[in-house]
1. Per residue of the range 186-201, what does 6.51 cos²θ - 1.76 cosθ + 1.60 with θ = phi - 60° give for ³J(HN,Hα)? Whole Hz please, x for Gly and Pro, Karplus curve as stated.
2. Measure nothing fancy, just the Cα-based angle from helix 11-66's long axis to the longest principal axis of the chain, in degrees from 0 to 90, nearest 10.
3. Give me the net charge of Ile400's neighbourhood, meaning all other residues with Cβ under 14 Å from the Cβ of Ile400; Lys, Arg count +1, Asp, Glu -1.
4. Between 0 and 90 degrees, rounded to the nearest ten: what's the tilt of helix 112-121 against the longest Cα principal axis of the chain?
5. In terms of modelled amide H atoms, which long-range or inter-chain residues lie less than 5 Å from the amide H of Ala279?
6. Considering only C-alpha atoms, what is the centroid distance from the range 180-219 to the range 231-263, in Å?
7. Among DSSP beta bridges whose residues both lie in the chain, state the antiparallel percentage, nearest 5.
8. Note down the net charge around Val182, summing +1 for each Lys or Arg and -1 for each Asp or Glu among other residues with Cβ under 9 Å from its Cβ.
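Laboratory data are not the source of any read-out in this text; all were calculated from the coordinates shown. Everything quoted here is computed from the prediction, not taken from an experiment. We place every Cβ from the backbone using ideal geometry, glycine too, and count neighbours over all the protein chains shown.
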Amino acid sequence: MVMTRNNERGVALVITLFLMASLSALAVSLMFLSQTETSASRNYKTMSQARYAGEAGVHRAMNYLMSTAYANTMTTAWAAGLNSGATSSPVRYSGNPVVLSSTATDSNYPDNAIKTAFAAAAQGDLAAGTGTIHYAAVAKLLSMVQVTNVYGATGPRYIQTWQITATGSVPVAGAPAATVEVSATLERDVADANTFAVFATGLGCGAIDLQGNVQTASYDSSGATGTGVADSGGNVGTNGNMTIGGHVDVHGSLSSPRTGIGTCTEGANMTALTESGAATVDGNNLVQLPQAMNFDTPDPPSPMPPQGTMNAAAAGICTQIASAQSALTMPPATCGVSGTGSNTTVTIDPMGRTIKLGDITGNFVLKGGTYNVNSVGSGNLSVLPSGAIVNPVSNVVLNIAGKCTTCTGGNLATVFDLTGNAIVNASMDPARLQIVYGGSGAIEMTGGSLGAFMIYAPNAAVTTHGNSDIWGSVLARQVTSAGTPRFIYDRNLQSKFFTLGNWVMSSFSWKKY
């Protein structure tokens, strides 16, 4: 049998063509994959840039709302009822939600200056390589709550909750801009204000400096007067370091954002507590704060008091006081003088009015009410919180201005000086005598056997002298004490006053268009 084979020439060419086709398809796939990866990387880059720009817009808006540049003028609208009221969410003005926009014309807010300032602060451009990224923010007022009895405030305060939405846009050649929307909520809360016998807002070493035989303790003014003192509950706190020496006994805890015990060195490694001698904090009880505590600077006295000495022993002192009241004559407020010489005492009853006093020296008895005082000098200061006729349960509030037209910077170096003399508050309720000061001048004082008061001076340095006890609470930038006094904290203050907490970003989200 004869077998005939077909001609197989040209098979190699066919196989080669198949292989070339396969390789070409593979090459095209690799090229497509490369382009896809490049596009994905570019998209991720632009999306990240847009998101960071959106976050920048959110933070710029927050920084403005948290700054002193933003004056909450919604309070005037609040008094007018905000048309639809401030209890709805979102808060409405002229029937529409209260909005601040990066375009001032889109804002719905009752103050044109605030609208313009927010628009300038909440938008901008960021350089990225050879391009420019744009961001813009809008803030909507979700709620506004009125808070009374704010520590150090002469009137009500308002806490707001804002929803902030910002967009970041990155231009893309030949395509729509990449845009990311970032949203966050900015809010603050309230907390009990008086939880410390002594608190110093200062950030440095020795913000609290106690030497000698100083002690802290606590009592409850709602109980028996001057009794029930406990060697506990005398808590202290500072945003910086506390230094104690000698035989100081802190019968309570020390709260600070710092940690550790040892030699204090200014800077990031600052310790919370420096001890020497036999000084101790009970059980070395150190409470670490998550951040420095914020205390608002109180408003200046309004109306502003006059400058110039008002000496209790001066002839015609009541006429001098009456003439300082800007068309207010006494009565309806009353002023009386008793005693002679250095024993002269002036007794004032505001009868429900705010009284303006200059730089007072000598012996004054102040009945329940509000006193805007430029400064308090040497003398004896007594208060009768329940002595007013019109308002028999009113407290005594001293709002100190500390101004001086001939002094450097226009402020007195010392605004309160009662060294060697007692501050008397027979009620033993420190809430009945509040000393409020927003400046940075010095406060020098000696407590008395009935020296019950509250000091709120977050920017001032307080120095105590002598051996008398101080009942109540002291809050200042720096507190220095020597001798053998006790700082006796009134536990009853915890439920009487509030402070506005730090701003908190309570939510955060983002999405890509």
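1. Going residue by residue, I get 10, 8, 9, 10, 10, 9, 4, 7, 9, 10, 9, 5, 9, 9, 10, 7 Hz, with x marking Gly and Pro.
2. 10
3. -2
4. Compared with the principal axis, the helix lies near 50 degrees.
5. Gly246, Val248
6. 12
7. Roughly 40 percent of the DSSP beta bridges within the chain come out antiparallel.
8. The answer is 0.
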